[in-house]
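Down below is the structure, laid out as structure tokens.
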Amino acid sequence: MKPGLDKVFFTAYLASLKERTRSEQAGVKWGIDWVVYNLGQALYGKPVRLPFLRQPDPTLLKTKTEAEFGVDLSFLSSDEKILTIFALKDEALTNKNWVNNGFLEDLSKAITPDLTVPGMEAVTAVQVILAHNSDEEANGVTLFENFVKAANPQIAGRATLSIGRWNLSELVDLTLKYLLTPALVPQQFFGQLNYLCYQAANFAHGSDEWEKQLVPAWRRFVDDVLQLERGVRGASLVPVALIILRQHAGANRTIETGWIDLVEWSAIALWRQFHGSTDAGFRRQVNLFWITFYLAELDRFYRAHIEALNTENSIDQLAHGSMVGTVASAMIAHWHMARIGLLSFEKLQGMKDTTPEEQRKKYEALLEASNWMIGLINANDSCLRPVLDIQHIELVLLMFTLFSAERSDQFALLLPGLVQRLFLRRVNARGEIPFLDGYNNLDHVFEQVASSNEEILITTQSSYYVLVLIELACALGDKFVSENLSQFHRRLVWGATDSGEQRDLKPLDLMSWQPPDDWPKQVLTGYVDEGTAVPHGVFSKKLDANSEEIRTELTRFVAEMRKSKSFSDEFPVPLGPLILASIRHRSPLPPEIWRIYGFPLTGNPASPSPETAN
Amino acid sequence: MARGETVERANDDRSSIEAELLNRPLDQATLNGVFVELWAELKGSRADFAVRTSAAFSYLGVCDEVRGLVGGVWGAAFRGWSSAEQIEFLRLLLSNEMVHRDLSFEFLPAAVPHLKLTAQEFWGWIGDSRPERGGYPHRLPEILKRYADVKPTEAFELADLFLRQPAGTGNARFVALLLYWVRENHPTGDIRQRVNEFEVLLASGPIDHRSILLESWAFAAGSPELDEAKAVDLKRRLVRGAAEELKSWCFLLQRVTLNAPEKLPWAVRELHAVAKTGVAGEQKYFVVVAALHGWLTAKATSPVSRTEWEALLRALAPLKADDNAAWDHFEYSLVDAFEKDAAGALALVALVAETSGTSWSKLMEENPDKFRWWCQTMNTAGHAESIVARLWLSNVRAARRVGFQIVRRCGVNAFGSSSIQRATAGEIERLLLEAAVNLAEYEFVGRVHLVFADRINNLGGRLEEWFYDEVLTQALNTNQYRQVILKGAPPTAKLHAAVKEAEQRIQKSEKASDSPALRMRIPGQTRAEALSMRRFGREVAKGFQKHSIFAQLAHTIQLLYGKSWRMPDATGALGAAANLMKSEAVTELPRLEFMTPEGMRHRRIMAMRRIVELDNGVDEVE
């Protein structure tokens, strides 16, 4: 991940912790004590005083604590000569808090430990550390320094005294240095995360083990965290756990993409909770995670690897002499297309463009993403080999990427090639690579290509993908439409050649979809099974129907759909995460997301799109 | 005297006996004398007589003189024996105790004229001769001919008995032969009258009978009696549309072509008429044989020119891949043709390749034995280069494909002085497109490219640009191709450069593919790969079984357990244990066919479209 980002998220996490871990009726409060306890063990030896989770008395609202005499934690060095005492505070070190929140009192008690108790006989040095995970003010720091100067440097005439302070930055630095392990997370998640780290280190991304063991376990882990702590602390722990896991799985050759996989599942879980949360802190933290963690990681990832991805046949090469590999390389290509597209979409949505400078920067960012996308496609034929109907999402993202960079001409160049390739598969239904699988079942596709079954396992009678493709073509302007739409319809829908030859193929049933009203909520939860399928059949029963006839019928169809059900684009969650959730849950995108380009709501189709082709 | 002693003595005396046999004509008295002496020596045992005389080839060698001697001795015996004794002797020849029973039929033709058997008695023996061997003795036609020669009346009865047998066991052919022999021997008189009556009966009978009648006339192809009028009359009366009748008619025409050059003008006219109706199977075979014979024997003074025979071959086209007999005959004829007239034979090859090339190339591709002999002969004789050049530059796609198959067999690499070096840009492009579209042997595509590289460099222009793009694609596709080019003889510097560029690009792709961004797996991929590999393994094993001569010859025993094996030898004792041998098949999978299957398919479609354009002369128009 990007250098320095880990610090941001560790800071957020540590800052969100309470002074002590305790279980309350409202839920578990995670404390800084657990972090310092583990740091102390790493740095200062065996613990003398433990930060046990205080079990609540069911009759009490707050945990009853024992008398601490200013000592929250203490450690004895292995030679038993140095005693380290921690005084923990989750309040800011300010003038006001120095007395009101017990800084002075706790430190005063801490510097006078009883060295006569058994086990302390050999102690010759005592160091007291004030560890606080909140802000500090100059006055507070001065008070602390004055306190240090005034303190007696000798304890009981036999031990020296030194006083130190760990503020939040120090805590973060030490944690990153010594505590990047599952031990950092609250105790009840230690075992879970520990095992997840093991799995991430040993399973290949995308392998059966990864998909069937690690991913479900990770999603359960994130859900458990967010269930137990619904506020900022939960949202802050997720990226910390991801960073720890990444650290442990560093030797896994597939972790680069595997980690993005887990980050995405985490993001979807966070946005799901975001949807119903009114906690401003939590919502802010989710946004931070999305932008600064996920999108920033995607950006870093593609900057690091785009050269390889844009190398000729780098993805195609993965076919390794088998049609199974051909399908796999297509899936990998679409994986990258989806993420570059999403990144571009989020730049379009998220970057400011109020000033000319901001506009320039935004355009450059969008142009860069479009270059990545075009480079990827030009280098790899696999990008033009969709396998599943659900990969219409990648097609839409491709369109968004190119349109937002004012490169619709490139989209116009790509579409005929894509149609040509799909056409070859459409007319050769028993060929090595089957046509789009309408059931989005990759296992079926693999079985088909691996066994070369005479009997086709895949039903492709209905297609949303083809309808989406035709609708997107309508966004490319009158000239493109008139030159291509008829051919697209004839080739893909009818499976007929330009000279009108058609084998024993039934025409495709073009299929659209109206999402349910709570589509955002449902898609963040899983595959959206609801909504309304809207089949249309073909747009013309004539093989030689001209493009205008087809567009007229399509326009009428779109208008009818809009009339029957309105679609609100006021989502409670940004569209980017919803698109990501659609990709991950293999759930269709609502058509109104792209129809605005080809079928503006004013009712006139083919009004020139921002950058019409040709 | 014991049998062993006889053999010993016979061997000692063999050379003198042979000399005696060869130098002295065997007259009736001598043969009688031999029989009497032998009969006495064997003490009148017919069984010993049968055994001893049947073994004559062993003592005296295999030659017609021995056949005549033993047959004559048997004839001398038959003259003194009754019908019952003759039957007994003939049955002895069929008995299992006869060591040389198959050879004994070699002697019978000379003895048959002396048989006293009626048709019914003789039929009984003929019938018995079959089950013993599953088919009639191979000398039966000759035996029957001799019988018919001396007993024409009985021959009719015999023919009638054959006619009553089920069809399809060769019985019909014997009827036709008997009829032919009797007809030939008796141009007039009572017997001929009976022949005519028999013919009328056959002509009014079912299809099989009409076919027999036609066939009997086919055997009379050289006879003056079978003139044009007779043939036309036979066709009018007997060929009524049934396949069997048409087959016999084709057989008749083939026999006429082969045996009666003076009848060719009307024969070839009738062959053309037949070809127009659309013949298949055996009918086509007879016409093909006739046409090839006509072509091979045609001279400037012949009544039917080669052009007419070529027209007939064209009319018969296309031969199908399963017309095996016709293709085999074509192969033999071609060898003959190239010996006699290489230039003319070349035209014949082109003709068949252009009219039946699809089947021809398929046949050669799928069956390594077909045309192997011819290809070897052509290679040795130095004709291969000119054949390939002629076919490669043909305007017919099918012929060009046959050219590829011949190159595969003959290994032609150099075309220094041939017309190849004068080929036009369009012809070269068309041929190279054909190679790319049709050949799965990438090494061979490389060889074709090497042949034309120099010429293309000289021609330059769009062809050169297209060619090096094709070279690059092929080089990116397979290592086989790259190796052939890299090992190719100069001047191939530009080709080498293209291949080197491809190698660099492949290396770059492979390095990029190792990127951490591309190491992920796809769910289900591992299982599918295992399934795919199992299928691939099965297909390779099937291919190995199909193409390995060893695997085809050897009986396959599946060894269920253990890692070595031992077999019992002839004495039943177990031999030493042998380790299992491994059979391996190595094949290269073309990269691009998997990396961009749609792209490669599109490329093939475009290539085919371009071939059609070039065949239609688009470039010339331009």
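The numbers here are math on the coordinates, done by the rules we state, and not lab data. For clarity, every value in this text was computed on a predicted model and none was experimentally measured. Here the Cβ positions follow ideal geometry from the backbone for every residue, glycine too, while neighbour counts run over all protein chains shown.
The table below gives the values:
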item: Computed [θ] at 222 nm, helices only, for chain A once each DSSP H run of length n ≥ 4 contributes -39500 (n - 2.57); result: -16500 deg cm²/dmol
item: Shielding by partners, peptide B:86-93 (average Cβ within 10 angstrom, other chains); result: 0
item: Cα convex hull of the stretch B:350-478 - mean projected area over all directions, nm²; result: 7.3 nm²
item: Whole-angstrom Cα spans of the protein assembly as shown along principal axes, big to small; result: 159, 81, 63
item: Nearest 10 degrees, 0 to 90: helix B:461-477 Cα axis against chain B principal axis; result: 80 degrees
item: Partner chain coverage, peptide B:502-512 - average Cβ within 10 angstrom; result: 4
item: The stretch B:29-119: GluC sites (Glu not before Pro) falling in loop per DSSP and having at most 14 other Cβ within 10 Å; result: B:E97
item: Which of A:Y37, A:Y13, B:Y442 has the fewest Cβ neighbours within 10 Å, and the rest in rising order; result: B:Y442, A:Y37, A:Y13
item: Pairs of alpha carbons in chain B whose separation is greater than 35 Å (percent); result: 62 percent
item: Within 10 Å of each Cβ in B:528-536, the average number of Cβ atoms from other chains; result: 6
item: Protection proxy ranking of B:243-255, B:47-59, A:92-104 - average other beta-carbon atoms within 10 Å, highest first; result: B:243-255, B:47-59, A:92-104
item: Helix axis angle, A:442-451 relative to chain A longest principal axis, alpha carbon, degrees; result: 60 degrees
item: Neighbour-count ranking [beta-carbon atoms within 10 angstrom, fewest first] of A:C197, B:C63; result: B:C63, A:C197
item: Tilt relative to chain A, helix A:392-404 - C-alpha long axis, 0 to 90 degrees, to 10; result: 80 degrees
item: Karplus-derived HN-Hα couplings along the stretch B:447-460 (A = 6.51, B = -1.76, C = 1.60, θ = phi - 60°), whole Hz, x at Gly and Pro; result: 5, 5, 4, 4, 4, 9, 4, 5, 4, 5, 4, 6, 5, x
item: Cβ-based charge dipole, chain B, positive-most Cα from B:P516, B:N438, B:L94; result: B:P516
item: Computed [θ] at 222 nm, helices only, for chain B once each DSSP H run of length n ≥ 4 contributes -39500 (n - 2.57); result: -23000 deg cm²/dmol
item: Furthest towards positive pole of dipole, A:V126, A:N95, A:L180, structure part the stretch A:88-202, Cβ charges; result: A:V126
